[in-house]
Amino acid sequence: MNGTKTVPFPRAGGFPKFHLRNLTQRIGFFFLFLSVMVTVLFLGVLLVFIVARGIQVVNWEFLTQPPREAMTAGGVAPAILGTFYLTLGAILCALPLGVACAIYLVEYTPKSYVVNLIRMSINNLAGVPSVVFGLFGLAIFVKFFNFGVSILSGSLTLAIMVLPSIISASQESLLAVPQSYREASLALGASHWQTIRKVVIPTALPGILTGVILSIGRVAGETAPIIFTAATFYTRMYPSSVFSEVMALPYHIYALMTEGVHADKQAPIAFGCAFILLCLVLCVSAIAIYIRQKQRSKYG
Amino acid sequence: MDKQAFPHTARRPQSAGRQSPAQSPQKTDDTRDMAVRIRVRNIDFYYGNSRALEKIDMDIYKNRVTAMIGPSGCGKSTFIRLFNRMNDLIPHTRLDGLIELDNRDIYSSGADVVDIRRRVGMVFQKPNPFPKSIFENVAYGLEVNGIRNKKLKEARVVDSLKKAALWEEIKDRIHESALRLSGGQQQRLCIARCLAVDPEVILFDEPCASLDPISTRKIEELLLELKESYTIVIVTHNMQQAARVSDYTAFLYMGKLIEFGETQKLFTVPRNKMTEEYLTGKFG
């Protein structure tokens, strides 16, 4: 313009008429869709299988009575109760310790080499096979502290097993609290501890709770850590103290399928146990989702 | 209260042997009789090994608005965050030199950092209300500073919201979430929250950076009202804003204080060539 000659933008040309990218996109999406379908299929089959076979044996007697006739009849009440105690004990130990650990690691320690190392170790600890924790519990709690095979030993072993995941989940939610909240609080003259108590923890709480409740599901279903530390194949007695050994649902399933002589009568009971365990875990997850939604909608 | 806030007034070695802080080295005619609220002497500030602020001497005068201008990254925010020790939160930082609030060294070993932060309030660039109700946001500062009396708390919350020119808009919903307010309202809520703890100095770190022109005007009007009772320091990228609201202006460039003086003089007859170039948009 203004007299200067405008040079037309050179056209590159040479594009093919047929575009392969549309085809590759379709193929790509198809495989993604296929992955989802396969996953859903297997989960669905699992669910239907357990529910269909489990629900046949579940009735009032099954839920409230101890086993009879060498595991071939009666209920699984002691196992349900045992799993409840073990889970409760484990979470009571692991929750305060894990959350406190996470708060200290996120809020109080400077970002240094040592802290990174501790964080990495904790994350790696989460990947240790649970049977290793079982052996550790046997050596430390059952033998060294002489708690015997008991609720106490089992709970402590389970607690140590879930501690890393509780710490990680708590750390993640604490780190997700915007730094601007901390700055705002400190700038008003709040101490570091007041800031943590009144701003950071309430904001991180839904995330922490979600992590904790998912851990509850894991604790309830673990078998290996309690084989040596808490579980017994059969007892008619309900636990009288933390030093009693107990039956537990996951171990009971294992025992029913591997021991005893009446496999045909034991297998349905095992599926009943699996069904109850599944229900327990689903209930716990539902509670987690409910709490999270409630916290989120409170100040959206 | 002020006297007990700093039980020790021990000086660190760097500042020992320098002239008495009571004497201001650079008093010009227009500043001779002004009461100094914050006194900055010969400070250097480092992030790790890189120096962010270099040899700054400056006074912040009582009940005046002091604006900090300069291109992005020149150290304006870093500078004012020293006044309420906000930079303490950033690891590997170091300050040399002296910063006094009402003649007391705020970086002395005995300084009560929590009390300093109550007395030197701060409003941030991005409105940062807590995910709580409007009432709880303002009451928070009172609670952490030990005010438990419910009546007194309510009265001060309402009073602060009125002072921040927000009360009329939100008086029917003070128990609703603060996050549902508009950006401009959120920023005025942050100002109310800050006023509630009765600070002497208020630091504004680009308070209008994320606001629309109408909200910006409201905040500016508020600043002019607030300077009757507070000492105000404002960082801004908007030179018209600095000219409109401030009594004094400091121009920072690359961590150095290039020029500091009365806003009117600095904007009309800058002494330094760089200031002039920045004001006329030749760089920045």
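The values are calculated or read from the model by the stated rules, or taken from the named source; none is laboratory data. Because the structure is predicted, anything quoted here is derived from the model rather than measured. Note: ideal-geometry Cβ built from the backbone for every residue, glycine included; neighbour counts use all protein chains shown. Ligands, DNA and RNA are stripped out before the accessible areas are found, and what is left, the full protein with its side chains, is counted by its heavy atoms. Shrake-Rupley method; radii C 1.70, N 1.55, O 1.52, S 1.80 Å.
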Q. Where does helix B:213-226 land angle-wise versus the long Cα axis of chain B, in degrees 0 to 90, nearest 10?
A. 80 degrees
Q | Under 25 Å from the Cα of B:LYS151 - lysines, other chains or at least 8 residues apart | A | A:LYS198, B:LYS132, B:LYS162, B:LYS163, B:LYS171
Q | Per residue, in Å², the accessible surface of the protein assembly as shown once ligands and nucleic acids are set aside, probe 1.4 Å | A | 51 Å²
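Would you mind putting B:111-121, B:141-151 in packing order, based on average other-beta-carbon counts within 10 Å, highest first? Write out the running numbers ahead of the final one.
On the way: B:111-121: 20.5, B:141-151: 14.5.
With the highest mean Cβ count within 10 Å placed first, the list reads B:111-121, B:141-151.
Counting only protein heavy atoms and using a 1.4 Å probe, what share of the accessible area of region B:199-262 belongs to carbon plus sulfur, as a whole percent?
Working: 1230 of 2440 Å².
Solvent-exposed carbon and sulfur of region B:199-262 make up 50 percent of the total.
Once you compute Rg and the Kirkwood Rh from C-alpha atoms, what is the Rg to Rh ratio for chain A? Numbers along the way, then the final one.
Numbers: Rg = 27.0 Å, Rh = 23.0 Å.
Here Rg/Rh amounts to 1.17.
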Q) Which whole number gives the average count of other chain Cβ atoms within 10 Å of the Cβ atoms across peptide B:128-134? A) 6
(Q) Nearest 500 deg cm²/dmol is fine: what mean residue ellipticity at 222 nm does chain A get from its DSSP H runs of n ≥ 4 alone, each adding -39,500 (n - 2.57), divided by its residue count? (A) -22000 deg cm²/dmol
Q) For the protein assembly as shown, what proportion of DSSP beta bridges, expressed in % and rounded to the nearest 5, is antiparallel? A) 60 percent
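Is chain B rounded, prolate or oblate when judged by the Cα gyration tensor, a ≥ b ≥ c being the square roots of its eigenvalues, rounded requiring a/c under 1.5 and prolate requiring a/b larger than b/c?
Numbers: a/c = 1.84, a/b = 1.29, b/c = 1.43.
Taking the square roots of the gyration eigenvalues as a ≥ b ≥ c, chain B is oblate.
Using the eigenvalues of the Cα gyration tensor, what equivalent ellipsoid semi-axes result for region A:108-248 when each is taken as the square root of five times the eigenvalue, whole Å, largest first? If you can, show how the numbers build up before the last one.
Numbers: eigenvalues 277, 56, 34 Å².
Taking √(5λ) for each eigenvalue gives 37, 17, 13 Å, largest first.
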Q | region A:143-230 - percent of accessible surface contributed by carbon and sulfur, probe 1.4 Å | A | 68 percent
Q.
Quick check: the angle from helix B:183-196's long axis to the longest principal axis of chain B, C-alpha only, nearest 10 degrees?
A. 80 degrees
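First select every other residue whose beta carbon is under 10 angstrom from the beta carbon of B:LEU161; then total the charges, Lys and Arg +1, Asp and Glu -1.
Working: positive: B:ARG156, B:LYS162, B:LYS163, B:LYS171, B:ARG188, B:ARG193; negative: B:ASP159, B:GLU168, B:GLU169.
In short, +3.
Would you tell me the mean number of C-beta atoms belonging to other protein chains that fall within 10 Å of each C-beta in A:174-187, as a whole number? Working shown, then result.
Numbers: counts 0, 0, 0, 1, 3, 2, 7, 4, 2, 6, 13, 6, 10, 19.
The shielding value for this peptide is 5.
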Q. Put +1 on the Cβ of each Lys and Arg and -1 on the Cβ of each Asp and Glu in chain B; which of B:ILE90, B:PRO207, B:GLN185 then has its Cα farthest toward the positive end of the dipole?
A. B:ILE90
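Residues with beta-carbon under 14 Å from that of A:PRO250, excluding A:PRO250: net charge, scoring Lys, Arg +1 and Asp, Glu -1? Intermediate values should be presented prior to the final figure.
On the way: positive: A:ARG218; negative: A:GLU222.
Counting the neighbours of A:PRO250, the net charge comes to 0.
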Q) How high is the relative contact order of region B:160-284, in percent, counting Cα pairs under 8 Å that sit 6 or more residues apart? A) 17 percent
Q: Rounded to the nearest 100 Å², what's the accessible area chains A and B bury against each other, both chains counted, probe 1.4 Å?
A: 2000 Å²
Q | For peptides A:204-216, A:274-286, A:160-172, A:93-105, sequence by mean Cβ density within 10 Å, most packed first | A | A:160-172, A:204-216, A:93-105, A:274-286
Q.
How large is the Rg to Rh ratio of the protein assembly as shown when both quantities use alpha carbon positions and Rh follows Kirkwood?
A. 1.13
Q | Alpha-carbon centroids, region A:158-227 and region A:83-131: separation in whole Å | A | 10 Å
Q: Just add up the charged neighbours of A:CYS273: K/R +1, D/E -1, any other residue whose Cβ is under 15 Å from the Cβ of A:CYS273.
A: -1
Q. So how far, in whole Å, is the C-alpha centre of region A:230-267 from the one of region B:207-284?
A. 77 Å
Q. What shape does region B:66-111 take by its C-alpha gyration tensor, where a ≥ b ≥ c are the square roots of the eigenvalues and a/c under 1.5 counts as rounded, a/b above b/c as prolate, and the rest as oblate?
A. oblate
Q) Under the definition of partner shielding as Cβ atoms of other protein chains within 10 Å of a residue Cβ, what is the mean value for peptide A:188-201? A) 5
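Need one number: % antiparallel among DSSP beta bridges in chain B, to the nearest 5. Working shown, then result.
Values: 25 of 42 bridges.
Antiparallel: roughly 60 percent of the beta bridges in chain B.
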Q: Kindly express, to the nearest 10 degrees and within the range 0 to 90, the angle between helix B:134-144's C-alpha long axis and the longest C-alpha principal axis of chain B.
A: 60 degrees
**Q.** Relative packing of peptides B:226-232, A:52-58, A:23-29 - highest average C-beta neighbours within 10 Å first
**A.** B:226-232, A:52-58, A:23-29
Q) Zone of A:GLN56 (label point 7 Å along Cα→Cβ, backbone N under 13 Å): which residues in region A:242-268? A) A:264-268
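Relative contact order for chain B: what percent, with Cα pairs under 8 Å and sequence separation of 6 or more?
Details: 510 pairs, mean separation 71.5, N = 284.
Taking the mean separation of contacting Cα pairs over the length of chain B, I get 25 percent.
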